[in-house]
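Comments concern the structure below.
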Amino acid sequence: MRLVRRRRRVLLVAAAAIAALLVVSAPWAWTVLAARGHIHTEADAPTADVAIVLGTEVTVGGRPSPRLAGRLETAAALVKAGKARVILVSGDSNGGSGDEPAAMAAYLTTLGVDARRIVTDPYGLDTYDTCIRARDVYGVTRALVVTQSFHVNRAVTLCRYVGIHAEGVIARCHCPATLLVEKSVRDYFASGKAVWDAIRNRPPAIPSPRDPAVQQALQG
């Protein structure tokens, strides 16, 4: 009898662990499944008027970090290949490491992108804010979303959820394998916040009036 009770206890613990894992993994699974068929390499990326580059930290000298540089290099290549006409760089202008959008725009010009084709969103404080501001502030309805493989599913899913016909492009990544693993784990858990933001239709952290900058850049 004692052995039977122990087995039952083990089975109950195992069942609880599996159930907890499923609950924790559900948001991540949503981002992966919703983005399926909408993720592309740089070489096979479709065309769209706008490429959205999501920000991340900059270096002490105000230059893009290796990860951010990879995103910007990919976006610049898309413009040069005629797959995008305007680049919307979205990040935190008051971030802990510095002004992300300003660093992004400056780096794109060194890559040969015409400054008139670059629009900066200084209040893309996180992935959800970038997507909803692209729609509500800049009037973007279709876009290529440029970021690394560990982030692209969540970014594409959120943009598509808010109504942007988004296609993800996997950005170059000048980063070690250990960092990729670390960021993949972080994104796994960040998916929970993504689901919560989407379910409650959270407004952007910083609301702004409509800005015609993207449309003007397309017409210029």
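The values are calculated or read from the model by the stated rules, or taken from the named source; none is laboratory data. If you're wondering where the values come from, they're calculated on a predicted model, not measured in any experiment. For neighbour counting, all protein chains shown are included, and Cβ atoms are generated from backbone atoms with ideal geometry for every residue, glycine included.
What to note about this one:
- Any hit, segment 54-71, residues being charged (D, E, K, R) and outside any loop (DSSP other than H, G, I, E, B): yes
Yes/no per residue for (1) modelled with pLDDT of 90 or more; (2) surrounded by fewer than 11 Cβ atoms within 10 Å (Cβ to Cβ):
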| residue | (1), (2) |
| --- | --- |
| ARG9 | no, yes |
| ILE18 | no, yes |
| LEU21 | no, yes |
| ALA29 | no, no |
| ALA35 | yes, no |
| ILE39 | yes, no |
| GLU42 | yes, no |
| THR47 | yes, no |
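- Here ARG67, ARG116 are screened, and the one residue that is surrounded by fewer than 23 Cβ atoms within 10 Å (Cβ to Cβ) and either farther than 18 Å from THR41 by Cβ or among the small types (Gly, Ala, Ser) (or both) is ARG116.
- Among (1) touching a Ser or Thr at 6+ places or on another chain (Cβ under 8 Å); (2) of a type in the set (Lys, Arg); (3) touching a residue at least 40 places away in the same chain (Cβ under 8 Å), the one test that ARG135 misses: (3)
- Condition check for ALA84: of a type outside the set (Asp, Glu) and assigned to a helix (DSSP H, G or I): no
- Verdict on LEU125 being more than 10 Å from the chain's Cα centre (by Cα), outside any strand (DSSP E or B) and over 18 Å from ASN201 (Cβ atoms): no
- The listed residue being among the β-branched types (Val, Ile, Thr) and over 25 Å from ASP136 (Cβ atoms), out of THR59, THR47: THR59
- The residue list THR127, THR141, THR110 contains one member that is buried (at least 20 other Cβ atoms within 10 Å of the Cβ), at pLDDT 95 or above and β-branched (Val, Ile, Thr), which is THR127.
- Enumeration of residues in segment 99-122 that are assigned to a loop (DSSP other than H, G, I, E, B) and either under 15 Å from the mean Cα position of the chain (by Cα) or closer than 18 Å to VAL58 by Cβ (or both): ASP99, LEU111, VAL113, PRO122
- Whenever a residue of segment 57-69 is over 17 Å from THR147 (Cα atoms) and touching a residue at least 40 places away in the same chain (Cβ under 8 Å), its partners that are acidic (Asp, Glu) and outside any strand (DSSP E or B), lying with C-beta atoms within less than 9 angstrom and at least six residues away or across chains, give the pairs GLY62/ASP99.
- Criterion (touching a residue at least 40 places away in the same chain (Cβ under 8 Å), surrounded by fewer than 20 Cβ atoms within 10 Å (Cβ to Cβ) and in a helix (DSSP H, G or I)) met by exactly one of ARG186, ARG172, ARG160: ARG160
- Screening GLN219 on (1) over 30 Å from VAL32 (Cβ atoms); (2) modelled with pLDDT of 95 or more shows it passes everything except condition (2).
- Cβ pairs under 6 Å, 6+ apart, first in segment 192-220 and in contact (Cβ under 8 Å) with a residue 12 or more places away in the chain, second in a helix (DSSP H, G or I) and hydrophobic (A, V, I, L, M, F, W, C): ALA194/LEU158; PRO204/ILE132
- Search result, residues across segment 189-217 that are of a type outside the set (Val, Ile, Thr), in a helix (DSSP H, G or I) and surrounded by fewer than 15 Cβ atoms within 10 Å (Cβ to Cβ): PHE189, TRP196, GLN216
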